[in-house]
Structure formats: C-alpha cells, structure tokens
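Asks: Here it is, the structure in full.
The values are calculated or read from the model by the stated rules, or taken from the named source; none is laboratory data. The structure presented is a predicted model; accordingly, all values stated were derived computationally and were not measured. FYI the Cβ positions are ideal-geometry reconstructions off the backbone, even for glycines, and counts take in every protein chain you see. Side chains included, ligands, DNA and RNA excluded: accessible areas come from the protein's heavy atoms. Shrake-Rupley method; radii C 1.70, N 1.55, O 1.52, S 1.80 Å.
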Amino acid sequence: MLLYAQDEVGQVTEELIAEVASRCGVTPLQVDEVVGYYTMLHRKPLGKFHIQVCTNIACMITGGQELYEHVCKKLGVGNRGITEDGLFSVEEVECMGSCSWAPAVQVNYDFHHYMTPEKLDALIDAIRQTRKAQ
Amino acid sequence: MPQFNEPSPLEVKILTKRFQLPNSASIDTYLATDGYKAFLKAREMTPEQIVEEVKVSTLRGRGGAGFPTGMKWSFVPRNSPKPKYVICNADEGEPGTCKDRLLMEFDPHQLIEGMMIAGLAVDAHKGYIYIRGEYRYLIEIMDKAIAEAYARGWLGKNIQGTGFDFDCYTHTGAGSYECGEETALLESLEGKRGVPRLKPPFPAVSGAFQSPTILNNVETYAAVPAIIRDGGAAFAALGTPKNGGTRLFCLSGHLNKPGVYELPMGFNLLRMINEVGGGVRNGKKLKAVIPGGSSCPVLRADECDIPMDYDSLAKAKSMAGSGGVIILDEDTCMVRAAMRLMKFYQHESCGWCVPCREGTTWLKKILVRFHDGRGERQDIDMIGELSKSILGRTFCPLGDAAAMPTIAFVEKFRDEFEAHLNGKCPYGQH
Ligand SMILES: Cc1cc2nc3c(=O)[nH]c(=O)nc-3n(C[C@H](O)[C@H](O)[C@H](O)COP(=O)(O)O)c2cc1C
Ligand code: FES
C-alpha cells in the first residue's frame, strides 16, 4: 500500500503517512516505523527516471560496478543523487533477480538486461530526446 | 519486455514446458495443455493421499533450505478450527537467483494450480503470493492470471462445481532481502517491518495471522501440478534418490551462455558449465563456483565434478540453496567477491538480533579495509573467527548465510587474502 501510495505522490511525505495511517486504523508512528525499514520507500524525491544499477556479485563480475560508476559520472550525481533538472536519479542496488542476464539495470519498474555503458548512454539520451520533444 | 536467454537442448522441460508457447501466460493456453487437470484429480483424492504423493515425489523446497515439501505439509493441524493459509514466497532476493520470475511471467496458472492443490492438502481456502516490489510487472501478470481464473471459475466459490472454495491474492514487498525469510515474510505480509519471529512455533502451526500456514517457494508450488498429474514416482525418477525432479538452475557469471535452464536434479556441475552454459567465457579457466546462491559456500574448481543435488552438495560442505550457480573465472579476485557479498548482508541485516547486525558490520569493515589494501595478517584469522561466532546464534538464518560463505572464502582462498597484504590486488581489480 505504501509503495503504491509513493508511486502516486512521488515520495513518502508526512501527509502520505497520515493518510495511510488513518486508512489502516494505526498511528502515524507505526507507519513511519515501516517506512524506515524498506529500501524502496523514499522520503526524498527521486528523479522522474530512477536508474537502479545492480552491483551485487553476478553483475559486479560482469561489469555492473563499472556501469554504476559510468552513469554516476555521466549524470554528475552520487548514490541516490538526483540531476538538477529532476529528470534522473541513480541508485546502487542489490541483486534484482536478473543475474543470468547480467549486468542488469532497472529504470523505474522496467528491467534492462545485458547492459553496457553504451546501451545505457543510448537509453538516457533517448529519454532526454523524448522529453524535449514533448 | 526484458530479454532472456535461449533454451538449451539438454534441458528436461517439466515446469518450463509451456514457456515457448505463444501466449503461454493465458488461461486458454494453460487449459489446452493439461492445465488445472491436476487440481481436478487432486479433488478426487484425500488430503492424505495428496501429501503422500508429494512425499513420494521427494520434492524438496526450492527456496533455499531444501526441506521435504510433503513432510512440511503434513505438519499442518488439519482439524484446527482456525482458517489456514497457503503462502507463496516470490521474494526472490538471494543473489544469483532469477528463476521464480520466469515461472510467474510465462506460466502463472501453474503456480496458482499448485497453490490450490496445496489448499486441498491442508484444508486452506486462501492463498497469498508475496512478490518482491521490484517485480511490479509480474504483480500485474499474476493479478491478470488470477482475474482470468476467477472469470472462468477456476478460483472463487465452488470451483468447477467441486464444492471447493479458494481465493488468491498478490502482495508486494518493498525492497528487503530479509523478507524472503519465512517468518519475516509473514510479518511483512501483515503490514509490519520484516523482522523474523522466534521459532517454534513454526508457521505450520502458527503462521500468518496466527493461523496454520504453509509457505513455499514459487518453484516448489509450480512442481506440484506435474507431480499430481503424472504421479510422484515419475517426478522422483527424474532426479537422484531423495532429490526428485528437475529444477531451474540459474547460471550466471563468467560463462559464454549464462541463463536459466531446467535440468534434472543431480546434473553434473562441470557438464552444466561446459555443455549447458557454453563453457567459461573468453577461453579463461574456471576458478570457483558458488553453487546455490550467494549464501552457499564456494567450491574450488577441483571440487566441481559433483552432482548438483542437495545431498551431494551438503557432503561437499556447501548447499544447493536456491539454484543460483555463479561461475567465477581465474581472474576473479576472491577478496573483492567476499567483500561485496558482506556489504550485501550487512545492508540487508534487519538489525533485530545483535550477532547478525554487529557481526556483519564488523566483517564488512574488516573486508573493506582488506580490499582497500590496509589489511593485516591477523585480520585473516579474525574474519574466520568472527564469522564462526555468528553461526547458529541468530533468530533467522541470515547470519549464517553471511558467515558460511565467508568462512569458505577465507579457508579455500587464504593465499589470495595473503597476497593482498602488501596493499595491492594481484588481479589489479581494485
Ligand atoms: C535471509 C533469507 C532470505 C530468504 N529469501 C528467500 C527468497 O527470496 N525466496 C524464497 O523462496 N525463499 C527464501 N528464503 C527461504 C525461506 O525462509 C523458506 O525456507 C522458503 O521460502 C521455504 O520454501 P520452500 O520449502 O519451498 O523452499 C530465505 C531465507 C532466508 C534466511
Ligand atoms: S546480481 Fe545483479 S541481478 Fe542478481
């Protein structure tokens, strides 16, 4: 429920916590405690396109670490950083269940397998292009 | 749609037999290919007969621990007045593992049918599928399959006039490895922080909402329709004694053809690497294999001529785990591998019990120091000692899962740790 609420609002806010608490019949503190536990729940805003790069073992040994460093450099942000225009954010994540098709990247909820720095660049550029066109 | 690997001609397709069909996820495809027949057959059997058939199949849990499934089901007090629950663990968080997602994407009805048969066996009428939050598209696929099943009378009240009621729901995780642990999953399902419960009572007696509960992995339930349809003995015969059937092996790492392949239990690991996975990539030599997901102790190359089943791997002091087979070539730095995995366990430790929370934190600090070229000789022993002091002292097995592979890294590749003492990685990787 919290995850779907976050998807709607963009981040976990005080109002969101209060709303979820009242709908579930619990105190805001109880909701807050749950929010603190799960890594997919964010109190800070993320980019419109949240790029999650797996650097766990299967991805690490097939280039995931380099991929992560590459995208951080390209966008000029660090872990959980967000670009100035608010379009992108980057996060180093744990295994996302794509190990056999590594290295893997997830942009919002979309999986991208057999990733390379070039393919990731192309993906980012394509997103920028379509945003400009709109 | 994400891209996946091509199948291998060496596969034995039981659970994945529909994967190549067009619209394999639709209920029409399912019904046209023996779908839901096993449920109707199970409905004619007594619960004891169903459990017995699963026992005969020697099916063991595909989620990690490898517990015999039939025996697990027999622990549920059937005549308890409380409602009972069938819960499917689709949290798939163990590094190296990526099979459950395929079973849900390409054959969601097989999973639903497996859970319904489990419901018949333990007198449960409600099923929950707990899916990790990152798998949003799979939640959508499962929800669609569930809606189709309701619309066509394969879920809900009085299913196909058999008088049996069964409801099925999905539930999302939100980014936590620990929520794959069975009791933490139950906490999370109930809407709380995913921390483990003290056992006993085991979930079979008091699980979800304090009621008797069976909890199995996706692949475990997905095997049930085939077992009931073709008989437990036929399933058992596919594998090795006490290790029946096929399983989805997730080959990853330095291979020419990494991928998920369904192979009989007991398939030889070297053959798996060379014939199914196309051999180690770039003509390199094999250094080591993590045979069942990151929590399983690593095997040196000379230990890899081994049948891949629970008992053979246990004999080799490792584990079959969740079927994630990670291949490491001769250029892999084992200090880096051990360090990265400890970072993972430290990050995912839920903090509920001290040995795990503190132990993984200290081990991470030491391994990072080592990795950064500031390790000292005494650290090598300390890594081993500290790991041993976590073993068996935690609420849930996450502590063990962090400690066991670390002990193996240090014992089997001590020379590599020593080679880092002069401040440089011999592989030039960091
Ligand atoms: C830290 C931890 C994480 C786990 N993660 C998973 C998981 O992601 N998926 C899973 O099926 N089992 C996982 N397990 C194993 C479950 O606790 C449980 O044994 C399993 O789901 C039982 O189903 P099975 O008998 O069908 O294997 C995990 C265990 C631990 C200790
Ligand atoms: S290790 Fe990267 S997806 Fe599993």
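Asks: Could you give the angle, 0 to 90 degrees to the nearest 10, between helix A:64-75's Cα long axis and the longest principal axis of the Cα atoms of chain A?
Replies: That helix lies at roughly 80 degrees to the long axis.
Asks: Can you compute the helix-only [θ] at 222 nm over the protein assembly as shown? Use -39500 (n - 2.57) per DSSP H run of at least 4 residues, normalise by all residues, nearest 500 deg cm²/dmol.
Replies: Working: 22 runs with 232 residues, N = 564.
Calculated from helices alone, the mean residue ellipticity at 222 nm is -12500 deg cm²/dmol.
Asks: Could you please state how large a percent of the accessible area of the protein assembly as shown is carbon and sulfur, counting protein chains only and using a 1.4 Å probe?
Replies: 53 percent
Asks: Rounded, prolate or oblate, given the Cα gyration tensor of segment B:126-190, with a/c below 1.5 counting as rounded?
Replies: oblate
Asks: Let me ask something additional. Binning at 10 angstrom from zero up to the longest distance, how are the C-alpha pair distances of segment B:27-234 distributed in percent?
Replies: Going out from 0 Å in 10 Å bins, segment B:27-234 shows 9, 38, 39, 13, 0 percent.
Asks: I've got another one for you. Between helix B:47-56 and chain B, what is the angle of the helix's C-alpha long axis to the longest principal axis, kept within 0 to 90° and rounded to the nearest 10?
Replies: With both axes taken from Cα atoms, the answer is about 40 degrees.
Asks: Pairs of lysines 8 or more apart, or on different chains, with alpha carbons under 18 Å: count those in chain A, would you? Before the final figure, lay out each step's value.
Replies: Working: A:48/A:74; A:48/A:132; A:73/A:119; A:74/A:119.
Close lysine pairs under the 18 Å cut-off: 4.
Asks: Put one equal scatterer on each alpha carbon of chain B, apply the Debye formula with no solvent term, and list log10 I(q)/I(0) at q = 0.13 1/Å to two decimals.
Replies: These q points yield log10 I(q)/I(0) values of -1.13.
Asks: Something else: So what are the three principal axis dimensions of the protein assembly as shown from its Cα atoms, in whole Å, longest to shortest?
Replies: Computed over the Cα atoms, the extents are 72, 57, 47 Å.
Asks: With springs only between Cα atoms under 10 Å, which of B:229, B:377, B:193 fluctuates most in a Gaussian network model of chain B?
Replies: Result for chain B, Cα springs under 10 Å: B:377 fluctuates most.
Asks: So for chain A, averaging the separation of alpha carbon pairs under 8 Å that are six or more residues apart and normalising by length, what relative contact order in percent results?
Replies: Computed value for chain A: 21 percent relative contact order.
Asks: Then there's this: Express the accessible area of the protein assembly as shown per residue in Å², computed with a 1.4 Å probe while the remaining protein chains stay in the model. Write down the numbers at each step before the final one.
Replies: Values: 22190 Å² over 564 residues.
Accessible surface, normalised per residue, equals 39 Å².
Asks: Put a dot 7 Å past each Cα toward the Cβ at residue B:40 and residue A:114; how far apart are the dots in nm?
Replies: Those two pseudo-labels are separated by 4.1 nm.
Asks: Kirkwood Rh, chain A, all Cα pairs: how many Å? Could you put the intermediate results ahead of the total?
Replies: On the way: mean 1/r = 0.0627 Å⁻¹.
After inverting the pairwise mean of 1/r, the radius is 15.9 Å.
Asks: Given labels modelled 7 Å from the Cα in the Cβ direction, how far is it in nm from residue B:354 to residue B:415?
Replies: About 4.1 nm, to one decimal.
Asks: In terms of modelled amide H atoms, which long-range or inter-chain residues lie less than 5 Å from the amide H of residue A:48?
Replies: Under 5 Å from the amide H of residue A:48: A:87, A:88.
Asks: Sticking with this one: Rounded to whole Hz and in sequence order, give me ³J(HN,Hα) for segment B:277-293 from the Karplus expression 6.51 cos²θ - 1.76 cosθ + 1.60, θ = phi - 60°, writing x for Gly and Pro.
Replies: Whole-Hz 3J(HN,Hα) from phi for segment B:277-293: x, x, x, 5, 6, 6, x, 6, 8, 6, 9, 6, 9, 9, x, x, x.
Asks: In addition: What total accessible surface area, summed over both chains, is buried at the interface between chains A and B, computed with a 1.4 Å probe and given in Å² to the nearest 100?
Replies: So the buried area, both faces added, is about 3600 Å².
Asks: Under 22 Å between alpha carbons, and skipping anything fewer than 8 positions from residue B:365 in its own chain: which lysines qualify?
Replies: B:343, B:388, B:412, B:424
Asks: Along the three principal axes, how long is segment B:388-430 when you take its alpha carbons, biggest first, rounded to the nearest angstrom?
Replies: 39, 18, 13
Asks: Here's something else I'd like to know. State the extension gain, in nm to one decimal, for the chain segment bounded by residue B:78 and residue B:330, taking 0.36 nm per residue of separation less the distance between their alpha-carbons.
Replies: 85.4 nm
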